[in-house]
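Please treat every number below as a calculation from the coordinates, not as lab data. In this text the structure is predicted, and so the values were computed from the model without any measurement. No Cβ is skipped: glycine too gets one built from the backbone with ideal geometry, and neighbour counts run over all protein chains shown.
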Amino acid sequence: MSSQPEPVFSKVAERDITRALTSEFAAQLDGCIESDVLIAGGGPSGLMCAKVLAEHGAKVLIVERNNYLGGGFWLGGYLMNKAVFRAPSNEILDEIGVPYTTPSVGLHVADAPHACARLIAAACDAGVKIQNMTSVEDIVMREGHRVAGLVINWTPVETLPRQLACVDPIAIEAKVVVDATGHDATIVKLLEKQGLAEVKGCGPMWVERSEDLVVQRTGTVHPGLVVIGMAVSAVHGLPRMGPSFGSMLLSGARGAEAVLDMLQTQANEPALLRA
Ligand code: 48H
């Protein structure tokens, strides 16, 4: 008679798994109802911004409508899985441990999936929380028109016919909101609907000008709202840069500086948060 082999895995039943998931999920969502910073969009600019902010001790949540983070960073250019980084943005690749080649002075090429995976890991390691499969539907506004949070819903809800899925969203609050939704500039477009902002749309490609301009124009567009990454191009009508991703990383880092300044100002003048 053959004896049963020793089990490999710990003794866990289905109910244990379901309970573990629901309690961890509830705890995470509860912990994210109020954050220092909410970042809409988990592409390269949003991930970079979140990483820097979390490294400075801020409580950061990324709200991402896809089931994966990384946005357009996974593919690089033309489905070739390679992404270009112009100096000095390769210093960020060094910092997060992404190998790259240097075909000519100041021009660096990395495997996009490797760079993307490392950036996601760096953001998670820094303590950034992630709510994926979650779409931003609207913004929370306070008197004085300060952006004070995001209205979110499960992504599948927006893809179902209205008569099947009339699910009300929920709101989460933050001291500062960041629009990192890429070409869509979703959060600024929501302000545009209220007549409080304008989204001009990206201009034609001109890499040399666009990357500098994106970083230079990164910053506050409305009280409580910072715009980073490709959303900066869309808002200000800047030229695009194609598969050159350095400006997305540097814009994320510059946006983090703008957020930290805003958090500092609010800490010095707490009445701003109540306004
Ligand atoms: C939740 C949302 C919502 C929403 C969108 O497109 P991304 O990669 O954006 P960036 O700015 O970090 O990077 C841009 C880069 O990938 C790129 O496209 C470049 C450099 N193009 C150059 C050119 O010439 O075109 O990521 C945005 C993220 C995505 O993951 C979206 O799913 C997410 O935002 N998102 N998340 N709620 N309403 N809208």
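Observations on the model:
- Per-residue extension of 0.36 nm, minus the Cα-Cα distance of residue 79 and residue 34, leaves a gain of 12.4 nm for this segment.
- Packing order of peptides 114-123, 159-168, highest average first: 114-123, 159-168 (average count of other Cβ atoms within 10 Å over each peptide's residues).
- Residues 68, 78, 100 in ascending order of nearby Cβ atoms (within 10 Å, fewest first): 78, 68, 100.
- Value of [θ]222 nm, deg cm²/dmol, for the chain, DSSP H segments ≥ 4, -39500 (n - 2.57) each, nearest 500: -12000 deg cm²/dmol
- Lysine pair count for segment 1-149 (Cα-Cα distance under 23 Å; residues 8 or more apart in sequence or on different chains): 4.
- Counting other Cβ atoms within 10 Å as a rough exposure proxy, the listed residues 206, 74 run 206, 74 from fewest neighbours to most.
- Protection proxy ranking, peptides 141-151, 15-25, average beta carbon neighbours within 10 Å, highest first: 141-151, 15-25
- Ignoring aspartates and glutamates fewer than eight residues from residue 175 along the same chain, the ones with Cα atoms less than 15 angstrom from its Cα are 34, 36, 143, 257, 261, 269.
- Remark: the Cα gyration tensor places the chain in the oblate category, a/c being 1.5 or greater and a/b not exceeding b/c.
- Placing a label point 7 Å from the Cα of residue 155 along the Cα-to-Cβ line, the residues of segment 108-141 whose backbone N sits under 13 Å from it are 131-136.
- Qualifying aspartates and glutamates (Cα of each under 13 Å from Cα of residue 189; at least 8 residues distant if same chain): 137, 138, 179, 198
- Dividing the mean sequence gap of close Cα pairs (under 8 Å, 6+ apart) by how many residues segment 44-152 holds gives a relative contact order of 34 percent.
- Whole-Å semi-axes of segment 87-132's equivalent ellipsoid (Cα gyration tensor): 24, 10, 7
- Cβ-based charge dipole, segment 163-275, positive-most Cα from 230, 177, 194: 194
- Cα gyration tensor, segment 1-159 - rounded (a/c under 1.5), prolate or oblate: oblate
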